[in-house]
Each structure stands twice: as structure tokens, then as C-alpha cells.
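Engineer: Take a look at this one; I'll ask things after.
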Amino acid sequence: MHRAFPAARLDFHNGCVPATPAAFMTLCLEHYLDPLADLVFVEYVLNDGMEDRVMHNRRVRIYERLVRRILDQAHSPAVILVNVGTHGMFHDREYVSDAGKLEWRPFHHTLEDLYGAVAQYYDLSVVSFRNAIYNLGQSSDYHFDKYLKGDFIHPNDAGHKVMADMVVHLLQEVALGLALWPMTFADEAAALRKLPDPMYPGVAFAQAPSRHPGFGAAAGNHPSLRRVCFHAEDFPTTVVGHDHGWEWVNEATDASPKWGFVSKTPGSALRVRLDTSLAVVDPGALIHQAPIDSGAAAPAGGGAAAAAAAKLKHTAVVIFSYLKSYEQMGKAVFRCESGCSCNPRHADGFTELPESTIYFVQLHTTPSRNCTLVVVNDSEPGGKDTKFKVTGVMVNMVNDATKDLNEADFAEDWPQYGVGGVQTLPREFKLHVAARGTKPGDARHRLKGRGRLGPRERAAAHL
């Protein structure tokens, strides 16, 4: 960027939070986005995993809300969607793991194309690492290991340079276009227009519009207007006490920290106190009312929407984020202790997938200025799998029109991240490898003959 635009003053801010999905950032954006940013890069294709549906895709709904929140910033930043590859996409077609499982995934096995609909709807630019290297990486001259680390997921230095080149090329094309066709006053006015109504109409309104008369687009996929996020260094400010078994620790590096409260002691409790009364302060908190130009006629149904908003029953949803991992992980129970009430929820920190990921558990609480919630390590006493980690807590306000949407998008019954969202490939995609009972070594020998194994794979296979 500096070499391409030497006269420009460029300041960079990294607001990424490792191992978190877009759902997290929709609630905690203020903590990580510089409000004066002119250009924002958004990348969640990998962390959001996979959901095999086009209509009513929960991940795309969440992604749209995040994009709307960024575009709606007071500084009106430009947004570029950056898409990397997903799990298994950059393996060879016949690559099998040491466990004998086919790990390859096809070109379209990603949310990228569905997220592309969001880009088109909001007229955003996109750069695609997948599109740039997928076919190139399958040739013998440019194997994927030229661009990716050993996990064949994360780009290495050369891979990051590829993405940087794509971004620079895009910006150069924009600069050239503006030099040839400068913006007019009409163009500038168009850039300042309010956002269009959401691409998704919203779960409740789309499925049963008669239950929500007068709302129209107001029942759409708008971000919550009432939310609070306590994450990273802010999370301990909510903790009012904990037993000896809980510790505040960083399980990563200072450059890329992963803070959280960790317990390895069954029965130990962590207490958090929150204000969940915002729901009664603003009864229309989640009803989006588009601004009305001076002198313009009020939109049809506006009065009905306002009246309906006042009658809606609001509740606070407390959302804890916790770690799922594959070694020594235990369980926990989340419940209200005093000042408020809610149904308890259980969470299991173990996953069979070889990765560490962030999941959510939500509690529908009654409004309270002092709502004390407790997280108890519910692991089996005397066992070795007793670790549980809580990384943050958020409060989101929902009403009758948005409760279903929130419940679906933050449900604990579906993976929020990574390979957990990748379903088993249909039989026709498994080629002949599994059918013939091929061993991992056999596949490696065939790939070696085609010049398709990189040096790291050849060393691992002792070829």
C-alpha cells in the first residue's frame, strides 16, 4: 500500500479477534473498529464455517447485520469483503488424512458465494483468495504449499502478498477510474444516502407477517439497537466474585491474545453482574425507524409500527461466549442467581474437531439493574477433562418480532465456526478413494507421480 500510494498517509489498525465468527463482531464491533476508519476489510468466510442452504441462511443473516453496522458508522467507511479459502478446499482431490478420511472440499463448498449476494446488494467490492489461486494451485508448478501454511488453511507470507496485491490492484483501478471519470455531485449525494432496507426481511416477519402488522421493513434483518459487549480486558469488570478454581489468563501471545476466565476445578463458580434493564428503558429498542425527510409524507403504516412497538414485550438475552476445543475440555452450567430469573443452560466445551473455537450460550433474563449470573464448572469430579473457558459476555435486547431471529442465529445446536459447519460430502463427491479402501500412503504415492505433493508432504510421507 505504501509503495503503491507513496503520497498517501496510511494508518493501519488490526481489529481482528482470533477464532471468532461474524456473530461475535455484530455485538462487539465498537470495541474493535476504529470509528474514523476510511476503509474496512471484512473476512469471515473461514471462521463462519458452512451452512448448506441458500434461503434463510443463518450465517448470511448475521453477516448482513455486521455489514450494515459497519456501513452505518458515522464516518461512512468504504468496505471491501476479503474472502479466503475454507477447510479442505486447498487439499488435493484425493488427499486423505492419517485417519483415512477424505479431507478435500470442492470449490463451491464455502459461504463465499452467498456472502457475495450481500456484496452485490450493498454494492461492495470483493477480493477472493479462492478465485485467485484455486486452479493455479492445482498445477505442478504452483502447488498450494507455495501460498499456505502447513495446515493448508491459513495463508503464509506469499499468500498474504497475493491478497495484498489484489487489494492494491482494486484500489489502483478505483483511483484510475476516478481520474478518468471524476465523481459528480449526484455521485456524492448517492454515496450519502441511507442504507436500503435489509436484504433479509427477518425470520418472524417473513414466516408470519400477519403476527406483526404495521411493521413492514421494520421487522427486517436490522442489527439490534440495544446491546452491550464485555470482552477481553472489559470482561473482568463484570465479574463480582469467583471461587479459587477460576483464573483470568491469556492462552496465546501478547500480539494475538486469547484472554478468558479458565476453570479446571469441578464445582467452582464464576459470578457476573449485569444491567439487563435496558429493555424497559426503550420499549422500541429493536424497531428500526427510517429517518423521514423534512416536509416528506410519513410512510404508510409508520404510525401502526410505532404503536405496535410500544406493545411488544421485550427481554434481555445474555450471551456468554465460551471455548470449544478437543483436549481436556469439560462442561459448565449457566444460570441466574439473584436479581433476575432465567432458565439455566448447559454447555459442553469438548469437540471432536481438531481446533479451538468460540461458541455461544444464551440466557433469556428478566429486566434487572443488578442481574447476577453464575457459571459453574459442571465437569465430572476426578476426571481429566475438566477445563472450561469463558471469554466474554454480551447483552442483546429482543422483542416479540425479533426473538425468533435471535434464537435461531445464536442457537447452540449448530457450529459457529470452522470445519464444524462442514457437512460430510455427498457420496458422489467421494470419488473412488473411500470405495476402494485406499490407504493414506497409496494416495500420496499417486500424487507424487503427478508432481502434486509439496516438499513438506513429501518429507512427511518419507518419499
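Every read-out reported here was derived from the displayed coordinates using simple, explicitly stated rules and does not represent laboratory data. The shown structure was predicted, so the numbers you read here are calculated from the model rather than taken from an experiment. Neighbour counts run over all protein chains shown; Cβ positions are idealised from the backbone, glycine included.
Engineer: How high is the FRET efficiency between residue 256 and residue 108 when r is their beta carbon distance and R₀ equals 35 Å, given to the nearest 0.05?
Structural biologist: Using R0 = 35 Å, I get an efficiency of 0.70.
Engineer: Related question: Can you compute 3J(HN,Hα) from phi for each residue in region 72-80, using the Karplus curve 6.51 cos²θ - 1.76 cosθ + 1.60 with θ = phi - 60°, rounded to whole Hz and x for Gly and Pro?
Structural biologist: Per-residue couplings from phi come out as 8, 5, 4, 7, 6, x, 6, 10, 10 Hz.
Engineer: Okay, next question. Using per-residue counts of other Cβ atoms within 10 Å, averaged over each peptide, order 50-56, 361-367, 184-190, 270-276 from highest down.
Structural biologist: My ranking of the peptides, most packed first, is 270-276, 361-367, 50-56, 184-190.
Engineer: Taking H as built 1.01 Å from N, whose amide H comes closer than 5 Å to the amide H of residue 338, not counting residues under 5 places away?
Structural biologist: Counting only residues 5 or more places away or on other chains, the set is 372.
Engineer: Quick one: if the Förster radius is 41 Å, what FRET efficiency do residue 348 and residue 225 give, using the C-beta to C-beta distance and rounding to 0.05?
Structural biologist: Efficiency at R0 = 41 Å is approximately 0.80.
Engineer: Using modelled backbone amide H atoms (1.01 Å from N, in-plane), which distant-in-sequence or interchain residues come within less than 5 Å of residue 109's amide H?
Structural biologist: none
Engineer: Let me ask something else. Between residue 97 and residue 188, 0.36 nm times their residue separation minus their Cα-Cα distance comes to what?
Structural biologist: 27.4 nm
Engineer: Skipping prolines and chain starts, which residues have an amide H placed within reach, meaning under 5 Å, of the one on residue 40, given they are 5 or more residues away or on another chain?
Structural biologist: 78, 79, 80
Engineer: As a footprinting exposure proxy, order 34, 378, 92 by other Cβ within 10 Å, with the fewest listed first.
Structural biologist: The fewest-first ordering by Cβ neighbours comes to 34, 378, 92.
Engineer: If each of residue 4 and residue 173 carries a label point 7 Å out from its Cα toward its Cβ, how far apart are those two points in nm?
Structural biologist: 1.1
Engineer: Same structure again: Ordered by residue, what ³J(HN,Hα) values in Hz, to whole numbers, does region 353-367 give under the Karplus form 6.51 cos²θ - 1.76 cosθ + 1.60, where θ = phi - 60° and Gly and Pro are x?
Structural biologist: For region 353-367, the Karplus curve yields 6, x, 7, 9, 9, 9, 10, 10, 9, 10, 10, 8, 9, 7, x Hz.
Engineer: Decide, for region 22-205, between rounded, prolate and oblate: order the square roots of the alpha carbon gyration tensor eigenvalues as a ≥ b ≥ c, take rounded if a/c falls under 1.5, and otherwise choose prolate if a/b is larger than b/c, else oblate.
Structural biologist: oblate
Engineer: Here's something else I'd like to know. Counting other C-beta atoms within 10 Å, which of 71, 178 has the fewest, and how do the rest follow?
Structural biologist: The order, fewest Cβ neighbours first, is 178, 71.
Engineer: To continue, here is another question. What is the extension gain from residue 120 to residue 34, computed as 0.36 nm multiplied by their sequence separation minus the C-alpha to C-alpha distance, in nm to one decimal?
Structural biologist: Going from the current span to full extension adds 28.5 nm.
Engineer: Give a residue-ordered list of calculated ³J(HN,Hα) values for region 332-342 (Karplus: 6.51 cos²θ - 1.76 cosθ + 1.60, θ = phi - 60°; whole Hz; x for Gly, Pro).
Structural biologist: Those phi angles translate into 8, 10, 10, 7, 7, 10, 7, x, 7, 9, 6 Hz.
Engineer: Loop only by DSSP, 13 or fewer other Cβ within 10 Å of the Cβ. Give me the chymotrypsin sites (Phe, Trp or Tyr not before Pro) in region 1-38 that pass, ordered by residue number.
Structural biologist: Passing sites in region 1-38 are 12.
Engineer: By count of other Cβ within 10 Å, fewest leading, how are 342, 16 ordered?
Structural biologist: Least crowded to most crowded, the residues run 16, 342.
Engineer: Are any of the pairs 101/324; 149/194; 146/331 more than 31 Å apart by Cα-Cα distance, and if so, which?
Structural biologist: 149/194; 146/331
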